[in-house]
Amino acid sequence: MNRQSAIVFLVVFGMIAAAAGLLAHAKANQKLGLPGVKTRPLPDSQNLEVLLPTDLPGYKSEPREQASAVTNMLPQDTSFGQRLYTADNGFQSLANVVLMGSSRSSIHEPQICLTAQGWKIDDTASHVEAVHMDRPTPYDLPVMHIIAKRTAQLDGRAVPECGIYVYWFVDADRCTATHSARNLWTAQDMMFKGELDRWAYVSFFAVCAPSQEEAAFNQVKRLIQTAVPEFQLVPRGVN
């Protein structure tokens, strides 16, 4: 190794060491941020209950328990909220919120859960789009709109189904539909504020017949517009 190469090596090594030191310092001194959704403490637990609305005009709702496969896989301080909403016309959608605690591993790729349940995601039809919200102030909520397909068994017959899966992430003051923005903001806040953003992963899921995807999404969108202002605390700062 010549002298110039040695200098370059030392500079790069020093930069890596400095970055590692900064990250270690930030992690050791970080505080957990506030959630961007309404919660209340659970009795005799370190966890919270995410308060999805029980009464919405035009809908009936019922609470649903998180599957043990989900709760056993995620960190113990992960919090949840889940309800099934049924519209007056019979349309159903499952609303689910996963709220991280002190570990970022509470939030995972949503596509993992879908594929584990036998759904095949149509990547060409899935995309980010905006759902316009009027409350509590006009803004556009960025959501990931996923269309998935599978074959289910009904009375011994193979029946094709389509799944409409809509999700986004929200912390104390921001919303995003992408992991890249969430990860960037998390790194920035850990580095410069010493704060670990407490992200919530919000999703709405509905099943429909083939060729009914657009109509089903429009109904999910109306449910989002009705329900989200009741439990999400962040109407601005979206990306």
In contact (Cβ under 8 Å) with a residue 40 or more places away in the chain, buried (at least 18 other Cβ atoms within 10 Å of the Cβ), touching a strand residue (DSSP E or B) at 6+ places or on another chain (Cβ under 7 Å) and under 17 Å from S102 (Cα atoms): does that describe E195? yes
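For (1) over 28 Å from E230 (Cβ atoms); (2) hydroxyl-bearing (S, T, Y), each residue gets a yes or a no:
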{"residue": "Y85", "(1), (2)": "no, yes"}
{"residue": "V98", "(1), (2)": "no, no"}
{"residue": "Q111", "(1), (2)": "no, no"}
{"residue": "K120", "(1), (2)": "yes, no"}
{"residue": "M144", "(1), (2)": "no, no"}
{"residue": "G156", "(1), (2)": "yes, no"}
{"residue": "A187", "(1), (2)": "yes, no"}
Single unsatisfied condition, K60 versus (1) touching a residue at least 60 places away in the same chain (Cβ under 8 Å); (2) farther than 21 Å from R40 by Cβ: (1)
Residues of the range 173-192 being crowded, with 18+ Cβ neighbours inside 10 Å and under 13 Å from the mean Cα position of the chain (by Cα), which ones? R174, C175, T176, A177, R182
Within the range 196-208, does at least one residue satisfy the condition of being of a type outside the set (G, A, S) and more than 25 Å from V70 (Cβ to Cβ)? no
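No value in this document is a laboratory result; all are computed from the given coordinates. Keep in mind that what you see is a predicted model, and the values were worked out from it rather than measured. So basically every Cβ, Gly included, is an ideal-geometry build from the backbone, and we count neighbours across all protein chains shown.
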